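The values are calculated or read from the model by the stated rules, or taken from the named source; none is laboratory data. These numbers come from a predicted model, not from an experiment. Because the Cβ atoms are built from the backbone with ideal geometry, glycine has one as well, and the counts that use them run over all protein chains shown. Side chains are part of the model used for accessible areas, which takes the heavy atoms of the whole protein and leaves out ligands, DNA and RNA. Shrake-Rupley method; radii C 1.70, N 1.55, O 1.52, S 1.80 Å.
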Amino acid sequence: MITRDMIIADIIRQHPETLPVFQRYHLDCYECQIADLETIEHGAGVHKVGIVELLEALNNSLE
């Protein structure tokens, strides 16, 4: 399960199937060096993406 306090780069490394979700929400964080340090909640906030909706989409991609 992906949670709001997880690091973006860790999510993508552990669950590469989430990459299309990041792309759909225009979160190109995977190309950014800060992805190794930034939580999904912070990234969503910076890009004005609803964290609840994003987490739901990310977790649905794991099924």
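Only residues that are under 20 Å from V46 (Cβ atoms) and in contact (Cβ under 8 Å) with a residue 40 or more places away in the chain were counted across region 2-19, and they come to 5. Summed over region 15-52, residues that are within 16 Å of T3 (Cα to Cα), open to solvent by 80 Å² or more (accessible area, probe 1.4 Å) and not in a helix (DSSP H, G or I) total 1. Taking first residues from region 43-59 that are aromatic (F, W, Y) and partners that are open to solvent by 50 Å² or more (accessible area, probe 1.4 Å) and part of a helix (DSSP H, G or I), no Cβ contact under 6 Å between residues at least 6 apart in sequence or on separate chains turns up.
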